[in-house]
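Comments concern the structure below.
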Amino acid sequence: MTTTALPESRFAVARQVADAVLFEGYVLYPYRASAAKNRLRWQFGVLVPPAWGPAHGEHSFQRTEVVMEPRGAATLAVELRFLHAQRRTVEEARPDGSFAAVPELHLPDRVLVPWDEGTEERVEMTVPVAELEEGEVCLPFVRPAREETEPVLDGDGREVGRLIRRTERADGVLRLRAEQLDVPYRAFRLTAVVENTSDWTPDTEAAAGADRDVVLPRSLVAAHLLMGLSAGSFLSMTDPPEWAKASVATCANRHTWPVLAGEPGSSDVVLSSPIILEDHPGIAPESIGAMYDATEIDEILALRTAALTDQEKREARGTDARAAAVIDLAESMPPEVLERLHGAVRALREITDPGATTPESFAELFDEDAVFKPDTPWWDPAHADPADPARDRILIDGTSVGPGSRVVLRPGLRRTDAQDLFLQGATAQVEAVLHDVDGGVHLAVTVEGDPGADIRREQGRFLYFQPDEVAPLEGA
């Protein structure tokens with residue numbers, strides 16, 4: 001086993017997506033520490049000390065299992081990447097030469113405030129597949145505690161304050177093993193476990209009930225893996241060949257999900273991410289840079305950021321260097337770059353960019369058979385009655401279903417929002433039967449037991465499923 005770095009040329013494309021995973025939600029618009037949504041950070045891939053996790057519903061490990069077909073004397077290169085949170089406090093210089101902690105330190109171009117920064121950490125190793133066959137290979141690692149001081153100078157070069165950065169010790173281990181599968185080809189189940197092994201324990205009752213901020217500096221944040229074979233390939237977890245489907249189905253992934261990464265069509269690189277991705281994910285070519293808020297659209301973020309007041313921009317610049325870079329990016333963006341962000345439709349990229357390929361997952365979006373359609377569309381002039389969502393009913397498995405009906409939710413695996421999968425098997429009440437202009441039928445529902453159901457009804461904010469994604473409840 002060696003600890004050499006991954007070959008940059010082979011992992012360049014995968015690393016772009018891995019960087020997006022690493023910094024997802026790092027600092028959200030409006031990029032100020034005082035913003036409410038920036039007070040609860042680090043949501044993905046957080047591996048906490050074992051003594052703290054179980055009582056607070058968080059995990060101390062993640063496990064990746066994927067099927068691989070190595071060739072010859074193949075080696076496996078693995079890179080664990082995570083953020084190590086460091087606590088930054090702000091101190092102001094006093095006339096007597098001492099320093100005192102302050103909530104804000106005002107400078108002409110920025111307002112410095114206390115903040116948790118994230119430093120990127122890597123754990124790298126390369127191991128022959130033959131060695132993994134013989135037994136588990138472990139690589140323990142430690143990131144020691146440290147403290148750093150950075151002077152803060154004014155425009156005249158005088159020291160007006162300082163930043164104190166304190167980092168707690170973080171301990172972990174990376175475990176790898178390979179198990180040969182009973183299949184017609186030379187294939188293995190590769191298991192990679194990342195675990196926080198910190199022996200830190202809450203030493204007081206107050207610490208035991210402390211909030212998450214106490215634990216984050218001792219955690220592995222946004223932890224994910226890049227893995228690559230020198231010779232051979234990995235199999236897709238969502239579209240494996242027929243002979244491997246049973247083996248892939250037995251792979252147990254916990255708190256992470258592996259996808260094929262790298263150039264489209266390649267299969268020698270895997271990214272195991274705490275954020276669910278599809279095979280060969282990529283950064284949109286229209287993207288202008290990291291904006292850390294993937295739930296928004298780059299164009300909207302850029303416009304809103306450019307519209308912040310000067311005072312808001314000063315605070316954002318003082319929050320974090322990465323936030324300052326976003327402010328500068330929004331302010332300096334040429335009109336032609338902003339125009340490129342407007343109206344980009346990824347599913348039409350094969351038309352606007354004939355050289356690009358459209359992922360297979362888009363095909364189903366345009367598959368007419370994927371949308372339930374009645375024999376007679378609601379807009380047909382010969383239709384007996386106009387569409388009325390409050391009264392309309394349809395037949396599902398021979399049962400009339402309409403407003404007030406109770407159904408069991410069976411979200412389609414290929415057509416649904418990922419969040420809807422959590423509702424598999426839940427019961428719901430139909431609120432309306434809706435028809436779109438293409439003749440498709442959709443059921444608006446509220447989930448039974450949802451404490452916000454009444455509010456959803458008042459606001460008309462329902463969940464929507466197609467008729468073949470629900471099963472009527474008898475007598476309901």
(request) Go through ALA178, GLY161, PRO151 and say which Cα lies farthest out towards the positive end of the charge dipole of region 136-191; charges sit on Cβ, +1 for Lys and Arg, -1 for Asp and Glu. (result) ALA178
(message) Let me cross-check MET333: its accessible surface, 1.4 Å probe, with only protein heavy atoms counted, in Å² to the nearest 10?
(response) 30 Å²
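Considering only protein heavy atoms, with the full assembly of protein chains and a 1.4 angstrom probe, order GLU458, GLU168, GLU124, GLU179 by accessible area, largest first. Provide the component values of the computation, followed by the final result.
Values: GLU458 155, GLU168 70, GLU124 40, GLU179 100 Å².
The ordering from most to least exposed comes out as GLU458, GLU179, GLU168, GLU124.
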(request) Quick one: order ASP298, ASP310 from most to least accessible surface, probe 1.4 Å. (result) ASP310, ASP298
(message) Could you tell me how far the Cα centroid of region 76-148 sits from the Cα centroid of region 15-55, in Å?
(response) 13 Å
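Rolling a 1.4 angstrom probe over the protein heavy atoms, how many square angstrom per residue are accessible across region 77-212?
Values: 6720 Å² over 136 residues.
Per-residue value: 49 Å².
The values are calculated or read from the model by the stated rules, or taken from the named source; none is laboratory data. Remember, predicted model here, so these are calculated numbers, not experimental data. Every residue, glycine as well, gets a Cβ built from its backbone with ideal geometry; the counts of neighbours run over all protein chains shown. Ligands, DNA and RNA are excluded from the accessible area calculation, which covers all protein heavy atoms including side chains. Shrake-Rupley method; radii C 1.70, N 1.55, O 1.52, S 1.80 Å.
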